[in-house]
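Only one structure is covered here, and it is reproduced in the block below.
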Amino acid sequence: MSERPLVTWYGEPTPTEGRRVLVHAFTGFLDAGGATAMAARLLQSREHRLLATFDVDQVLDYRARRPVLTFVTDHFAAVDMPQISLHEVIDQAGTPFLLLSGPEPDYQWQRFADSVLEVVRATGTTLTVGLSAIPWPAPHTRPLGVTVHGNVPSLVSSPHSLVGNIQVPGHIGGLLELRLGEAGEQAIGIATHVPHYLGQFEYPAAAITSLEVLTSTTGLVIPVDDLRAPASRAEGEIAQQLQNSEEFVTIVHALEQQYDQLAALRGTPTPAAASSDLAPGGQVPSGDEIAAQVEQFLADMHDRESGDPRES
């Protein structure tokens with residue numbers, strides 16, 4: 001029996017004489033602060049049309065991420081099945097680009113990567129860009145960092161990388177960048193650094209940063225005004241939560257000092273208005289103390305959001 005196709009096509013992209021960009025944004029593993037999901041939603045809120053879908057029955061584990069069923073009175077009325085889809089989206093300047101989005105596949109990664117390579121070549125894509133958001137030991141009171149990586153030297157970050165040579169858990173975005181590069185295609189990734197203590201909560205500022213770097217890197221024009229108000233509300237909520245945790249204020253101040261010291265070493269100016277003093281006595285918490293207090297901070301935020309009766 002022949003293997004079922006992984007991709008089903010519904011249309012062809014609009015012909016273009018310039019560079020065709022394909023952006024992929026997969027939710028799941030590298031979506032700290034919900035930044036990747038928010039960025040994908042904003043991109044798809046623009047004028048768009050469906051070009052292709054991937055057969056999720058072949059690549060997703062429904063028991064790990066169960067679809068939501070709607071029960072009405074005495075029967076099931078609907079189901080919200082996940083989708084991995086390819087859309088053509090029109091940016092603010094009228095330039096078409098491609099958006100591949102949905103949950104990160106659980107199965108058949110090699111075959112999935114081969115299928116994306118076929119999509120890249122079938123659509124005449126000249127640059128593939130992956131969006132991700134990673135937890136990072138940095139304070140929310142400083143500009144968010146971004147690492148741009150890939151096989152296009154003119155687009156990637158400076159050689160003075162904060163990361164160096166490391167091994168990380170596999171993820172489909174990274175595998176696509178690797179496989180596309182091996183096949184001679186241009187591919188980069190934009191990884192936004194989300195303060196690690198905010199990784200479990202929606203953090204629109206990270207989505208704004210991801211999209212702004214996407215704009216500056218590719219030349220696509222993507223307004224982010226719709227995320228400004230949610231980002232402002234989130235910052236206000238974080239400030240309010242910090243007021244209730246003197247210990248965590250100390251941690252944030254310690255992260256600020258580390259950030260400022262690194263910025264000074266790299267010759268990156270820090271806004272004067274954002275500067276703050278370290279905790280009284282200049283004591284920097286240990287790594288274990290930071291981890292313990294981050295966990296307590298997250299637990300307190302969860303209790304308040306869920307209306308835990310223990311919270312007065």
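Read-outs throughout are calculated quantities, based only on the coordinates presented, and are distinct from any laboratory measurement. For clarity, every value in this text was computed on a predicted model and none was experimentally measured. Note that each Cβ is placed from the backbone with ideal geometry, even for glycine, and that neighbours are counted across all protein chains shown.
Ordered by packing density, taken as the mean number of other Cβ atoms within 10 Å over each peptide's residues, highest first, how do 3-13, 19-29, 210-220 rank?
For the peptides 3-13, 19-29, 210-220, the packing ranking is 19-29, 210-220, 3-13.
Taking amide hydrogens as placed 1.01 Å from N in the peptide plane, the amide H of D106 sits under 5 Å from those of L60, D61, each at least 5 positions away in sequence or on another chain. Karplus-derived 3J(HN,Hα) values for the stretch 229-243, using 6.51 cos²θ - 1.76 cosθ + 1.60 with θ = phi - 60°, are 5, x, 5, 5, 5, 4, 5, x, 5, 5, 4, 5, 5, 5, 4 Hz; glycine and proline are entered as x. In a DSSP loop and with at most 13 other Cβ atoms within 10 Å, the chymotrypsin sites (Phe, Trp or Tyr not before Pro) in the stretch 72-119 are Y107. For L127, the residues whose amide H sits under 5 Å from its own are R20, L22, ignoring neighbours fewer than 5 places away on the same chain, with H placed 1.01 Å from N. An oblate overall shape is assigned to the stretch 71-117, the ratio a/c of its alpha-carbon gyration tensor axes (a ≥ b ≥ c) being 1.5 or greater and a/b not exceeding b/c. With the Cα gyration tensor of the stretch 215-254 giving a ≥ b ≥ c as the square roots of its eigenvalues, does the rule (a/c under 1.5 for rounded; else a/b larger than b/c for prolate; else oblate) give rounded, prolate or oblate? Judged from the Cα gyration tensor, the stretch 215-254 comes out oblate (a/c at least 1.5, b/c at or above a/b). Among D61, D55, a tally of other beta-carbon atoms within 10 Å of each Cβ gives an order, fewest to most, of D61, D55. Amide H contacts of V146 (H built 1.01 Å from N, in plane; Pro and chain starts excluded): H193 sit under 5 Å, all sequence-distant by 5 or more or on other chains. Relative to the Cα centre, the charge distribution of the stretch 7-224, modelled as +1 at Lys and Arg Cβ and -1 at Asp and Glu Cβ, gives a dipole magnitude of about 380 debye. The overall shape of the stretch 153-222, judged from the alpha-carbon gyration tensor, is oblate: a/c is not under 1.5, and a/b is no greater than b/c.
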